[in-house]
Amino acid sequence: MADSLRPIDARGPRFNQGVLTVALLGGFVADARLVVPAFAVVLLLGAAFGPRYGPFLRLYAEAIKPRLGPPAELEDPRPPRFAAAVGVVFLTAATVAFAAGAVGVGWALALVVAALAGLAAATGICVGCELYLVFARRRGVELVA
Amino acid sequence: MTLRLLIVAALLAAFVAFRIAYDRRRRRIASDDRPVPRLPGHLVDGAEATWVVFTTPYCASCGPVVDRLQGHGPVITVDATRDPDLAEAFRIRSAPTVLLADAAGAVHGRFVGAAAVDAYLQTGSSASERRGLARSRAERIG
């Protein structure tokens, strides 16, 4: 099985989503706009190249996971990667809005990402993953199951 | 700054509320003791003991569970997202959930998660033993 299809510990993406939520909300309170493009890059690395290249996914795998018990569930890596790609699109659009002077629009887009990431981190309900499922089914993609 | 803090506080409150509602729902499902219906005949097909594995398309643990059940009797997989009515009738809330049914479709065992299936397979060897164990387990589940 290719590395990109190997089932992953579902707690890794949730940790990533938790960090993303905290960073975006903190950035919003402090009006630190650089947080938005920085996390667009963080998400892009994990989405485009896999968990080993996402800084916080790697932090989870190397520093946190060894201290936890084995995962109760594994999941197909593609839905969370797709969700991260959707996050990249939103955060890139937010960055463009900041650059164009539309600060309110920029933060609104970033807060959408923070809200969805926070929901996923708190409950495991991943809206982007569900979207992937809809697209995968339409295209007849076989998921890792 | 105050408005921003209020927005963040509202979002955090929403996360907490979602989490509480989510946990309550899971507890309610776990304590649901309504009688379990019989599985439809076309799934059990008259076999003495049939494993019915409820899966979802991106359940990575489901394939290995199906593989491990091979050799322990007929295995039927049901994609819960394609047959939501059946999944709801058996109150399937996560995948894999495995039901062990007899020839009449009566459910004698219910195993949620790969670890539960593994633990169960390690305790029973023959079909009759599996059925007996399943029955006692089902009784414990209530």
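For the reader, a short list of remarks on this structure follows.
- Options B:Thr81, B:Thr97; residue that is within 14 Å of chain A (Cβ to nearest Cβ) and surrounded by fewer than 20 Cβ atoms within 10 Å (Cβ to Cβ): B:Thr81
- With respect to being of a type in the set (Gly, Ala, Ser), surrounded by fewer than 20 Cβ atoms within 10 Å (Cβ to Cβ), over 15 Å from the mean Cα position of the chain (by Cα) and facing chain A (nearest Cβ under 10 Å), B:Ala14 fits the description.
- Which numbered condition B:Arg19 misses (of (1) within 26 Å of B:Ala104 (Cα to Cα); (2) surrounded by 11 or more Cβ atoms within 10 Å (Cβ to Cβ)): (1)
- Looking at A:Leu119, A:Leu111, A:Leu74, just one residue is in contact with a strand residue (DSSP E or B) (Cβ under 7 Å, 6 or more places away or on another chain) and within 12 Å of chain B (Cβ to nearest Cβ), and that residue is A:Leu74.
- B:Val66 vs. criteria surrounded by fewer than 20 Cβ atoms within 10 Å (Cβ to Cβ), in contact with a strand residue (DSSP E or B) (Cβ under 8 Å, 6 or more places away or on another chain) and within 14 Å of another protein chain (Cβ to nearest Cβ): yes
- Qualifying positions in region A:96-109 - surrounded by fewer than 20 Cβ atoms within 10 Å (Cβ to Cβ) and either of a type outside the set (A, V, I, L, M, F, W, C) or touching a helix residue (DSSP H, G or I) at 6+ places or on another chain (Cβ under 7 Å) (or both): A:Phe98, A:Gly101, A:Gly104, A:Val105
- Pair list, Cβ < 9 Å and 6+ apart or interchain, from region A:104-128 residues that are assigned to a helix (DSSP H, G or I) to residues that are acidic (Asp, Glu): A:Trp107/A:Asp31; A:Thr123/B:Asp23
- Condition met for A:Val41 (of a type in the set (A, V, I, L, M) and either buried (at least 17 other Cβ atoms within 10 Å of the Cβ) or not in a helix (DSSP H, G or I) (or both)): no
- So A:Val86, is it within 21 Å of B:Phe15 (Cβ to Cβ), buried (at least 17 other Cβ atoms within 10 Å of the Cβ), more than 14 Å from every other protein chain (Cβ to nearest Cβ) and in contact with a Ser or Thr (Cβ under 9 Å, 6 or more places away or on another chain): no
For every residue, the table says whether it meets (1) more than 26 Å from A:Ala115 (Cα to Cα); (2) exposed (fewer than 12 other Cβ atoms within 10 Å of the Cβ); (3) in contact with a helix residue (DSSP H, G or I) (Cβ under 6 Å, 6 or more places away or on another chain); (4) within 14 Å of another protein chain (Cβ to nearest Cβ).
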position	(1), (2), (3), (4)
B:Thr2	no, yes, no, yes
B:Leu6	no, yes, no, yes
B:Arg38	yes, no, no, no
B:Trp51	yes, no, yes, no
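Throughout, read-outs are computed from the coordinates displayed, never taken from laboratory work. Note that this is a predicted model, so its numbers are computed, not measured. So basically every Cβ, Gly included, is an ideal-geometry build from the backbone, and we count neighbours across all protein chains shown.
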